[in-house]
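Here is the structure we will look at.
The values are calculated or read from the model by the stated rules, or taken from the named source; none is laboratory data. Since this is a predicted model, take the numbers as computed values, not measurements. Because the Cβ atoms are built from the backbone with ideal geometry, glycine has one as well, and the counts that use them run over all protein chains shown. The accessibility values were calculated without ligands, DNA or RNA, using every heavy atom of the protein model including side chains. Shrake-Rupley method; radii C 1.70, N 1.55, O 1.52, S 1.80 Å.
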Amino acid sequence: MDLLTFVEQDNTPERSLPAFRSGDTIAVHYKIREGNKERIQVFQGIVLQRRGAAATETFTVRKMSNGIGVERIFPVASPFIEKVDLLTQGVVRRSRIFYLREATGKSARIKAKR
Amino acid sequence: MTSIFGADGKMLPCTVLETGPCVITQVKTEDKEGYSAIQLAFGERKEKNTPNALVGHFRRAGTTSKRKVVEFRGDSGNAALGGLVNVSIFEPGDSVDVVGISKGKGFQGVVKRHGFGGVGGQTHGQHNRLRAPGSLGASSFPSKVFKGMRMAGRTGGARVKVQNLEVVKVYADKNLLVVKGSVPGPKGSFVIVEK
């Protein structure tokens, strides 16, 4: 085996995140450490993209917060991700849906898969 | 390069280095060579591709033909000819220096090569000298450009040492060393790891 792949696999714990893709609406349960206390914050939004592979794979989630768009990038292998809920599967034609940033109103909707 | 999550959950940028086993091909001593050092060899190569002089040198150490031969100065201790040096001399938490040949960048201007700031802005009548070096010196005195003035030219492809990289992990069975940060040179190139 490629030595780099070996190191990546050895250091990436087995994750069982649901198979989500761009256009899906998900809720990321993210652990936040404040001092010694740990709490869980839920970030719910639409997946804009997944990029990278193996240990360095990340995904971008966008949500509207009080009328302001907020995007967060999460590493898939991050130990701070408690779990990911797949809420709805969306129908989109491309793997990176950055056009959603400029879209407002009716065009900012994504059809749900049936 | 890859990423590893540390114990506190933070992502560490890491480089994986195949480190050894290196064969000791010569032990230099104060008496004989005038200074003490050991010479290590690493990487296999075919004997037909090795110069005859080196084949004999490797045969004296009782080993096959190697690709790279590097000398490390310092007290050789109890190093013996033909002995092995492997990754187990490193431990997680150690800091190491890594020496390599950086990637060649070709002929580059002063902004990339020496970190010049370039010309401030596009306004004030500028239109074609955004990345120019500016003045090279004074006027009729000294009436020349000083030697060593930083100018455009061949960039990269030089020996670079990166200091104080932290050892994140050691795989003794596979001879792998994982250090935090990047090292000079392209993928698959040879580097020297100093403790």
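Could you check how many residues of segment A:8-26 are β-branched (V, I, T) and under 14 Å from the mean Cα position of the chain (by Cα)? Matching residues across segment A:8-26 total 2.
Return a yes/no flag: does segment B:183-192 have any residue that is outside any loop (DSSP other than H, G, I, E, B), within 30 Å of B:R45 (Cα to Cα) and touching a residue at least 12 places away in the same chain (Cβ under 8 Å).
So far as segment B:183-192 goes, yes, one or more of its residues are outside any loop (DSSP other than H, G, I, E, B), within 30 Å of B:R45 (Cα to Cα) and touching a residue at least 12 places away in the same chain (Cβ under 8 Å).
Restricting A:I81, A:I46 to residues that are in contact with a Lys or Arg (Cβ under 9 Å, 6 or more places away or on another chain), aliphatic (A, V, I, L, M) and either loosely packed, with under 13 Cβ neighbours inside 10 Å or within 13 Å of A:S22 (Cβ to Cβ) (or both) narrows the list to A:I46. Of the residues making up segment A:24-51, those that are over 16 Å from A:F80 (Cβ atoms) and more than 14 Å from chain B (Cβ to nearest Cβ) number 9. When segment B:171-180 is filtered for residues that are open to solvent by 20 Å² or more (accessible area, probe 1.4 Å), more than 11 Å from chain A (Cβ to nearest Cβ) and part of a strand (DSSP E or B), only B:K180 remains.
Answer with yes or no whether B:V23 is away from every other protein chain (no Cβ under 14 Å), over 30 Å from A:V76 (Cβ atoms) and in a strand (DSSP E or B).
yes
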